């Protein structure tokens, strides 16, 4: 039986530019462009402190995230998730519209913008599932679970499926009236966009000295 030849060793002066050029030459992986929008966006998030690198990249080392899902996330974050725009760029299609709805296709459209009925329901449920996971983590912290005053993250059946108990303060899906300005009309309150859930944390009580009484009052 014929044996495959041993792998050839390559001497690279560094693990950055030289490695990138080598991999692109052999495997056509593409050259990373540090002036592209995706790179600039993430650099801005890091500099501003908006993004936490350890949390944002935790999925890469998590055993709960399938490898295929990790690949999809990485493709989305790097702008390489295949869509109709890529199809036109690669001359595999002449239209950029989504195959399921009349809107222009793209990575963001695939994950959260498609208006097809079934996909809209899937996107909404995926969003609600993530919110329920956050609510479950908050509930485990102790008293914070009872600080939720309104919640709109899916049906009661879905909540039960994740073993979540809705507190009496959060049974309403409408934001309480006392959270709005005094002159905010009920019509606007009922029709305005509702947050997933509203968590009201009691602030630390401050004391001040009341000279006319001679004691401390809240």
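Read the figures in this text as sums done on the coordinates, not as results from a lab. Since the structure is predicted, the reported quantities are computational estimates derived from the model, not experimental observations. In this analysis, Cβ positions are derived from the backbone assuming ideal geometry, glycine residues included, and neighbour counts consider all displayed protein chains.
Suppose R0 equals 41 Å. What FRET efficiency, 1/(1 + (r/R0)^6) with r the Cβ-Cβ distance, do residue 140 and residue 38 give to the nearest 0.05?
With a Förster radius of 41 Å, E is 0.70.
Would you report the distance distribution of C-alpha pairs in region 55-118 as whole percents per 10 angstrom bin, up to the bin with the largest distance?
That works out to 21, 40, 29, 11, 0, in percent per bin.
What's the exposure ranking of 26, 111, 81, going from fewest to most Cβ atoms within 10 Å?
Values: 26 9, 111 14, 81 18.
The order, fewest Cβ neighbours first, is 26, 111, 81.
Quickly work out the residue 155-to-residue 15 label distance, labels modelled 7 Å from Cα along the C-beta direction, and quote it in nm with one decimal.
Going from the residue 15 label point to the residue 155 one covers 5.2 nm.
State whether region 14-163 is rounded, prolate or oblate according to the following rule on the C-alpha gyration tensor (a ≥ b ≥ c being the square roots of its eigenvalues): a/c under 1.5 gives rounded; otherwise a/b larger than b/c gives prolate, and the remaining case gives oblate. Before the final figure, lay out the partial values.
Values: a/c = 2.49, a/b = 1.44, b/c = 1.73.
Note, shape of region 14-163 comes out oblate.
Provide 105, 196, 48 in ascending order of the number of other Cβ atoms located within 10 Å of each residue's Cβ, fewest first. Don't skip to the answer; put the middle values down first.
On the way: 105 24, 196 16, 48 8.
If I rank by nearby Cβ atoms, fewest first, I get 48, 196, 105.
Taking the beta-carbon count within 10 Å as an exposure proxy, list 132, 120 from fewest neighbours to most.
Working: 132 20, 120 14.
Least crowded to most crowded, the residues run 120, 132.
Let's test the formula: R0 of 22 Å, r as the Cβ-Cβ distance of residue 72 and residue 117. What FRET efficiency results, to the nearest 0.05? It would help to have the intermediate numbers written out before the result.
Details: r = 23 Å, r/R0 = 1.03.
So, using R0 = 22 Å, E works out to roughly 0.45.
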